[in-house]
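Q: Take a look at this one; I'll ask things after.
The values are calculated or read from the model by the stated rules, or taken from the named source; none is laboratory data. Being a predicted model, the structure only gives us computed values, none of them experimental. Because the Cβ atoms are built from the backbone with ideal geometry, glycine has one as well, and the counts that use them run over all protein chains shown. Surface areas here come from the heavy atoms of the whole protein model, side chains and all, with no ligands, DNA or RNA. Shrake-Rupley method; radii C 1.70, N 1.55, O 1.52, S 1.80 Å.
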Amino acid sequence: DPIDGTKEFVKKNGEFTVNIALIKNQKPLLGVIFVPVSGELYFSTKTKGAFKAQVDLKNYNLDDITNQAKKLPIAQQEKKPFTIVASKSHMSLETQDYLTKLKSIHGELNLIYKGSSLKLCMVAEGMADCYPRFAPTMEWDTAAGQAICNHAGFDVIDWKTKKTMLYNRKELLNSSFLVKAF
């Protein structure tokens, strides 16, 4: 996906990404998500795991990037309320209902709104506990983020099948889904 978060790109808020994924047998094997405005780079492979790095586009070296990358999820220092990341531009009634359900289970909630595939990255990074999505997305919106989440110990659950989301389906439109720990 050359520009994930088109609405965020148009708004010039910096919350758009470039997403690359490799899918084999309907499962993401590797994922790369780059945030051009901030230089944040998320990447993963099944064998190495998931990582986050900072890239200086004016002066970068691949070895430096991979050597300074932090393994995901990154340990959080303080106990925080249950944190949900939600779409900045695509809130739905189903998402609001799900948030109400989570509040009855967890009490205090911390809700963060983000654009593009950054929501998946926040879960993989450990900054959010889950990401519910009950609004339309396409395979290219989620494949790279799912690879990164999977390789960091999180799953992307297809809301219809209640199983891990699969790719290269006949229908490219994703079902609703939930990103959470395995």
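Q: Report the calculated FRET efficiency for Ser92 and Lys70 (r = Cβ-Cβ distance, R0 = 30 Å), to the nearest 0.05. Intermediate results must be reported in sequence, preceding the final value.
A: Values: r = 33 Å, r/R0 = 1.09.
Computed FRET efficiency for Ser92 and Lys70 comes out at 0.40.
Q: How much accessible surface area, in Å² rounded to 10, belongs to the heavy atoms of Leu62 with a 1.4 Å probe?
A: For Leu62, the solvent-accessible surface is approximately 120 Å².
Q: If each residue of separation counts as 0.36 nm, what is the full-extension length gain between Leu111 and Lys24 once their alpha-carbon separation is subtracted? Could the numbers behind the result be given before it?
A: Values: separation 87, 0.36 × 87 = 31.32 nm, distance 3.39 nm.
Additional length available on full extension: 27.9 nm.
Q: If the cut-off is a Cα-Cα distance under 18 Å, which aspartates and glutamates reach Lys58, setting aside same-chain residues fewer than 8 apart in sequence?
A: Cross-link targets: Glu40.
Q: Order these peptides, 107-115, 154-162, by their mean beta-carbon neighbour count within 10 angstrom, highest first. Walk me through the intermediate numbers first.
A: Working: 107-115: 14.6, 154-162: 16.7.
The packing order, highest mean first, is 154-162, 107-115.
Q: OK, next. Determine the percent antiparallel among the DSSP beta bridges restricted to the range 1-126, to the nearest 5.
A: Around 80 percent of the beta bridges assigned by DSSP in the range 1-126 are antiparallel ones.
Q: Using 0.36 nm per residue of separation minus the Cα-Cα distance, give me the extension gain between Trp159 and Phe82 in nm, one decimal. Please report the intermediate quantities before stating the final value.
A: Numbers: separation 77, 0.36 × 77 = 27.72 nm, distance 2.06 nm.
Residue separation times 0.36 nm, minus the Cα-Cα distance, leaves 25.7 nm.
Q: Got the relative contact order for the range 1-122 handy, in percent, Cα pairs under 8 Å and 6 or more residues apart?
A: Details: 182 pairs, mean separation 26.9, N = 122.
Normalised by residue count, the contact order of the range 1-122 is 22 percent.
Q: A further question on this structure: May I ask you to derive the relative contact order of the range 134-174, considering only C-alpha pairs under 8 Å and at least 6 residues apart, and to give it as an integer percent? Present the calculation step by step, with values, prior to reporting the outcome.
A: Numbers: 26 pairs, mean separation 20.5, N = 41.
In percent, rounded to a whole number, it is 50.
Q: Which percent of the Cα-Cα distances in the chain go past 30 Å?
A: Roughly 14 percent, rounded to a whole number.
Q: Give me the number: length gained by fully extending Val37 to Leu99, i.e. 0.36 nm times residue separation minus the C-alpha to C-alpha distance, one decimal in nm.
A: Numbers: separation 62, 0.36 × 62 = 22.32 nm, distance 3.00 nm.
The span from Val37 to Leu99 would gain 19.3 nm if fully extended.
Q: Accessible surface of Tyr60 in the full protein assembly, 1.4 angstrom probe, to the nearest 10 Å²?
A: 140 Å²
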